[in-house]
Structure formats: structure tokens, C-alpha cells
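Below is one structure. I have some questions about it.
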Amino acid sequence: MNKGGGIGVGSASIVLVFAVLCLSVFSLITFVVAGNSKALVETQSRMVVGYYEADAVAERIIAEILESDPIPETLHGVEIESEWAWELDAQIVRFSSPVSEEGKILHVTLAIYYDSYEILGWRMRHEGDWEIDDGLNVWLPDDGLDVWLGLEGDDDEVWLP
């Protein structure tokens, strides 16, 4: 009988199965992460394209406002608000251009002087609907524990029995 000490076929098979299982799990994780990264990049791409389209529309609106004598109420489907600012001795013009369908809007504010203009504001803001997620599961103690809640009321301390 051969009494040599070596690795048997059974233990090599177990190591091989474990290695294949680990590689399969890692490849599945990589696949899921790549899919999520692709979705994030597509969302960012739509946002960047939307921003630069809104930026181009805003630049066209500014150019047309500067060329027109009375400031129009709408240009390119965008409502324009204007008012005279006595403290600046300038016409203040505000308009908003949509960036994305998710509710992001580019807000532009100009001060138009007699011979020049100044951009006072050029900001993108989210103005869509949003919901408050108040579904946080908070652990509440059993009846047998005394826990101070720290609530303010008539008493300085509130204890649960």
C-alpha cells in the first residue's frame, strides 16, 4: 500500500468547485454593477444634453432680448418677466428654461443697462414634485424596558414603562 501524503482527487475537486463558485459570484456582481453604472451614465448624459440645450435656448433668448426695443413677453415658448430696478438703474429680466423632464429648470436673471447687460443669476434648480420618505423603521422597545424618549412636554423626561 502506498502511504504517501498527497492531495487526493476529492479535495482538489472541492477546491475547484469553490473557485468556480467564487468566480461565478464575482462575475454576477460585476454584471449588476456594470448595469447600474450604465443606467447612471445614461441619466447623467440626458441631464448634460438637457442642460446645454437649455443653455443654448437661454443664450438665444438673451440675444433676442438685447436686439428688441420693448422686451417681449415670450420668446421660444419661454415666458419673460421684466421690471425696472431703480436702485440699479437697469431693467431686470427673468426667465426659466426647462432642462429635463424630471423637473430641473435653468433660471436666468439679467440686468439690462442702457449700453450693456450683466448676468445676475444663471442657476439650475429642481422644481419637480418630490415625496418625503418617512417610512423609516424605528425599533421600539418591548414593554419590559425603561427607555427615555427625550420628548419635550410638561415633564422634563418621558419614560416608557
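We did not get these values from a lab; they are worked out from the coordinates using the rules stated. This one's a predicted model, so the numbers in the text were calculated from it and none came from an experiment. Cβ sites come from the backbone with ideal geometry, for glycine too, and all protein chains shown count toward neighbours.
What trypsin sites (Lys or Arg not before Pro) does the range 1-99 have in DSSP loop regions with at most 16 other beta carbons within 10 Å?
Here the sparse-neighbourhood loop sites are K3.
Picking from G103, I29, A56, whose Cα lies most toward the positive end of the charge dipole for the range 15-126 (charges on Cβ: Lys, Arg +1; Asp, Glu -1)?
I29
Same structure, new question: Would you mind ranking T109, T43 by Cβ crowding within 10 Å, fewest neighbours first?
Listed from fewest to most nearby Cβ atoms, that is T43, T109.
Also, I was wondering about something else. Give me the dipole magnitude in Debye, nearest 20, for the range 15-126 about the Cα centre, with unit charges on the beta carbon: positive for Lys and Arg, negative for Asp and Glu.
1080 debye
Could you line up S100, S27 from fewest to most neighbouring Cβ atoms inside 10 Å?
S27, S100
Sticking with this one: Under unit Cβ charges (Lys, Arg +1; Asp, Glu -1), what dipole magnitude, rounded to 20 debye, does the range 21-87 have relative to its Cα centre? Each step should come with its number before you reach the end.
Values: 3 positive and 12 negative charges, 203 e Å.
For the range 21-87, the charge dipole is close to 980 debye.
Continuing with the same structure: Just flag the GluC sites (Glu not before Pro) in the range 1-82 sitting in loop per DSSP whose Cβ has no more than 12 other Cβ atoms within 10 Å.
Of the GluC sites (Glu not before Pro), the ones in loops of the range 1-82 whose Cβ has at most 12 other Cβ atoms within 10 Å are E73.
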